[in-house]
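Chemist: Shown below is the structure under consideration.
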Amino acid sequence: MTSVGGGVGTGVGIGMVGYAFMGRVHSQAWRTVQHVLGGPRPELVALCGRDPHGAAEAARKLGWGSVETDWRELIRRDDVHLVDICTPGDSHAEIALAALAAGKHVLCEKPLSNSVAEAEEMTAAAEEAAARGVVAMVGFNYRRVPAIALARRLVADGRIGTVRHVRAQYLQDWIVDPAFPLVWRLRKDKAGSGALGDIGAHIVDLAQYVTGELLVEVSGQTATFVRERPLPAGSDPSGGLAASGNGTGTGQVTVDDCAVFTARLDGGGIATFEATRFATGRKNAMRLEVNGSLGSVAFDFESMNELWFHDAAEPADTAGFRRIQVTEPDHPYLSAWWPPGHGLGYEHAFTHQAYDLLAAISAGGEVRPTFRDGLQVQRVLDAVERSAADGARLTPVAGVPAAGRAS
């Protein structure tokens, strides 16, 4: 353990593994949450990364009190009460299982793991640990976007009636250039899958969260457009994206570049999904629309402080989608922030996530999404991969009865 300055007082001691993109965002949330939303105070006790110099520099920049280079040592620390896992998916299961066994609360980035078997083992361990007061949560941060939380409230309150259709997209373009290097997200042994697991997992979770229903069968296709890429220069122990491919030689891309699939909800509705990292010109375009028997809701992350709502009961001469500016104090999470009309950004969803997790730890209760919710998403991703591989028209999602319900 290396000290980098900063005292640790009373509160919930956080130990974070990984310090690349997600680590930076999580750090911002831990630094901010108590000052704005209140609740238990997180103490940024220790940051863990295999590169001691890189980890020490990140700790100083991001506000962590000390550095570990072995996550096992991080878990052994008495001043670490919660382990925040921000590493590639191939290490999620090992770290989470060890943390839960040690009685540590766990926040694990999505997708929960790289396989259904790992996710099942993690879920069983989390549910056993819950009986001992240990809280485990998977990091589907978009649930905490106020407009998405409002959409969930409207659907749960029956404002759109019976769900008939869901259409969801997550569009990016960061690997369109064939010269972009073979980073870890393009390797199945590290990432588990490509666009399907990286961004498709988000829209699967949001579709189930907003509708309150589970996906029970799917039919999918995947494609890899660039099958060989330059090897990145050096290595990044924190799992970050390399900026350019200056290594020697090339390597095989072993994940999908895009995935499209249809699905059936357990309430009888139909859904379509598209996840791609080849939508040229789209940087982080996530869209969700839910159509029901009495109305519809629609969301576009590029306008994340807005929700579009249609009430089919309105007279035809004035009916139509209307824009709700989701900045009012009675909208989810917003009473603690700015005056109406002053929007939030990407990082605030992580602050809300941190608050909900800390509140659950303080109250000794459950917080969603649980590891079981993460397992359900993993089962959907697995079914899509199996359908794409087999050319099957419909592939059941394992472990989900047709009459099952999400919440």
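The values are calculated or read from the model by the stated rules, or taken from the named source; none is laboratory data. This is a predicted model, so every value here is computed, not measured. Heads up, the Cβs are rebuilt from the backbone with ideal geometry, glycines too, and the neighbour counts pull from every protein chain shown. Surface accessibility is based on the protein's heavy atoms, side chains included, excluding ligands, DNA and RNA. Shrake-Rupley method; radii C 1.70, N 1.55, O 1.52, S 1.80 Å.
Chemist: About the Cα centre of segment 207-363, how large is the charge dipole given +1 on each Lys and Arg Cβ and -1 on each Asp and Glu Cβ? Please answer in debye to the nearest 20.
Modeler: Computed about the Cα centre, the dipole is about 560 debye.
Chemist: If you add up the charges near Arg368, with Lys and Arg at +1 and Asp and Glu at -1, over every other residue whose beta carbon is less than 11 angstrom from its beta carbon, what do you get?
Modeler: Numbers: positive: Arg143, Arg144, Arg152, Arg372; negative: Asp205, Asp356, Glu366, Asp373.
For residues surrounding Arg368, the net value is 0.
Chemist: Using only the alpha carbons, work out the radius of gyration and Dmax of segment 1-143 in angstrom.
Modeler: Reported Rg and Dmax, both Å: 14.2, 41.
Chemist: Over the chain, with every protein chain in place, what whole percent of the accessible area is carbon and sulfur at 1.4 Å, could you tell me?
Modeler: Exposed carbon and sulfur together represent 50 percent of the surface.
Chemist: Mean shadow of segment 81-124, computed from the convex hull of its alpha carbons, in nm²? Can you show the working numbers first?
Modeler: On the way: hull surface 10.5 nm².
Over every viewing direction, the Cα hull of segment 81-124 projects on average to 2.6 nm².
Chemist: A further question follows. Under the rule of -39500 (n - 2.57) per DSSP H run of 4 or more residues, summed and divided by the residues of the chain, what mean residue ellipticity at 222 nm is obtained, to the nearest 500 deg cm²/dmol?
Modeler: Calculated at 222 nm, the ellipticity per residue is -9500 deg cm²/dmol.
Chemist: Just the Cα atoms of segment 147-198: what Rg and Dmax do they give in Å?
Modeler: For segment 147-198, the Cα-based Rg and Dmax read 17.7, 49 Å.
Chemist: Please list the three semi-axes, largest first and in whole Å, of the ellipsoid equivalent to segment 76-226, using sqrt of 5 times the eigenvalues of its alpha carbon gyration tensor.
Modeler: Three semi-axes, in Å: 28, 25, 14.
Chemist: On to the next question. Equivalent-ellipsoid semi-axes (√(5λ), Cα gyration tensor) for segment 258-340, whole Å, largest first? List each step's numbers first, then the result.
Modeler: On the way: eigenvalues 128, 94, 34 Å².
So the equivalent ellipsoid measures 25, 22, 13 Å along its semi-axes.
Chemist: Probe of 1.4 angstrom, ligands and nucleic acids ignored: what's the accessible area per residue over the chain, in square angstrom?
Modeler: Dividing the accessible area of the chain by its residue count gives 40 Å².
Chemist: Now for a different question. Could you point to the residue in Leu344, Phe225, His81 farthest towards the positive end of the chain's charge dipole, with +1 and -1 charges on the Cβ of Lys/Arg and Asp/Glu respectively?
Modeler: Result: Leu344.
Chemist: Now a separate question. Please get the size of the charge dipole for the chain, origin at its Cα centre, with Cβ charges of +1 on Lys and Arg and -1 on Asp and Glu, quoted in debye to the nearest 20.
Modeler: It comes to approximately 260 debye.
Chemist: Where both partners of a DSSP beta bridge lie in the chain, what percent of those bridges are antiparallel, to the nearest 5?
Modeler: Details: 43 of 71 bridges.
That works out to approximately 60 percent antiparallel.
Chemist: Give the span of segment 105-175's Cα atoms along each principal axis, as three whole-Å numbers ordered largest to smallest.
Modeler: For segment 105-175, the Cα spread along each principal axis is 39, 39, 22 Å.
Chemist: Once the convex hull of the alpha carbons of segment 179-322 is built, what does its volume come to per residue, in cubic angstrom?
Modeler: Working: hull volume 20.4 nm³, N = 144.
Hull volume over Cα atoms, normalised by residue count, gives 142 Å³.
Chemist: Can I ask one more? Between Rg and the Kirkwood Rh of segment 32-110, both from Cα atoms, what is the Rg to Rh ratio?
Modeler: 0.96
Chemist: Here's something else I'd like to know. When averaged across all projection directions, what area in nm² does the alpha-carbon convex hull of segment 290-393 cover?
Modeler: 10.7 nm²
Chemist: Average projected area of the Cα convex hull of the chain, in nm²?
Modeler: Mean projected area for the chain: 20.0 nm², to one decimal.
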